[in-house]
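Contents: one structure, followed by commentary.
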Amino acid sequence: MKYKQVTLVAVFLAIAGITNIQAQSSLYVKTKDGTQSSFPVSNIHKLTFQTGSVVVTNKTGNPQSYALSTVRYLSFTDYKTEASVVKTQEGNSLTLYPNPASNELSISYLATQGGTMQFRIIDLQGQTVLEQTQQSTVGENKTRLNISTLPAGLYLFSNGIESTEFIKVIK
């Protein structure tokens with residue numbers, strides 16, 4: 001009877017498409033000041049939410065506490081703060097950093113010809129929430145976007161009105 005139950009569960013999982021579930025290897029805690037801590041899941045004894053804080057206790061009993069008001073996110077995904085690079089329509093590369101950002105996004109790009117560049121931040125409803133134009137010169141160009149007035153969330157960065165490539169931006 002147990003064999004039939006195990007077989008039935010395996011068939012159900014295969015049908016549901018859940019056969020490739022992967023175990024998460026680390027818990028990431030990122031605070032609003034940009035500090036990120038990583039905890040191997042195999043070393044976590046318990047995770048508790050006490051009044052106004054989250055506490056990660058390892059298997060040796062050492063707790064690490066974070067005030068919830070200072071925590072930006074808890075995740076099993078490591079949101080890298082590396083620069084995002086995208087090719088522009090002219091084949092030039094564009095670098096956007098830091099990502100996630102809190103107040104400013106730095107943009108660096110190489111232009112093969114001078115002209116006007118338009119940068120847009122778009123919310124997930126498709127609305128342009130920030131737009132900036134800059135005169136580019138041949139060679140390396142740098143600029144910054146002030147995003148301090150945007151609410152925290154996920155946005156898309158576009159480097160032109162008709163651009164079909166976007167960079168995800170986390171604020």
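Residues in segment 89-129 that are among the polar types (S, T, N, Q) and either touching a residue at least 40 places away in the same chain (Cβ under 8 Å) or not assigned by TED's automatic domain parsing to the domain that holds Pro151 (or both) were compared, and the one that is nearest to Asp33 (Cα to Cα) is Ser102. Of the strands (runs of 3 or more DSSP E) lying entirely inside segment 29-73, those containing at least 2 residues that are surrounded by 12 or more Cβ atoms within 10 Å (Cβ to Cβ), under 20 Å from the mean Cα position of the chain (by Cα) and not assigned by TED's automatic domain parsing to the domain that holds Pro100 are 36-40.
Is at least one residue of segment 103-110 over 17 Å from the mean Cα position of the chain (by Cα), among the charged types (D, E, K, R) and either at pLDDT below 85 or part of a strand (DSSP E or B) (or both)? No - not one qualifying residue is present in segment 103-110.
Between Leu156, Leu124, which is of a type in the set (A, V, I, L, M), exposed (fewer than 11 other Cβ atoms within 10 Å of the Cβ) and on the phi < 0 side of the Ramachandran plot? Answer to the selection: Leu124. Filtering segment 130-162 to residues that are part of a strand (DSSP E or B), within 11 Å of Gln118 (Cα to Cα) and free of Cβ contacts under 8 Å to residues at least 60 places away in the same chain leaves Leu130, Glu131, Gln132, Thr133, Gln134, Gln135, Ser136, Ser158.
The values are calculated or read from the model by the stated rules, or taken from the named source; none is laboratory data. The shown structure was predicted, so the numbers you read here are calculated from the model rather than taken from an experiment. Cβ: placed from backbone, ideal geometry, glycine included. Neighbour counts: every protein chain shown.
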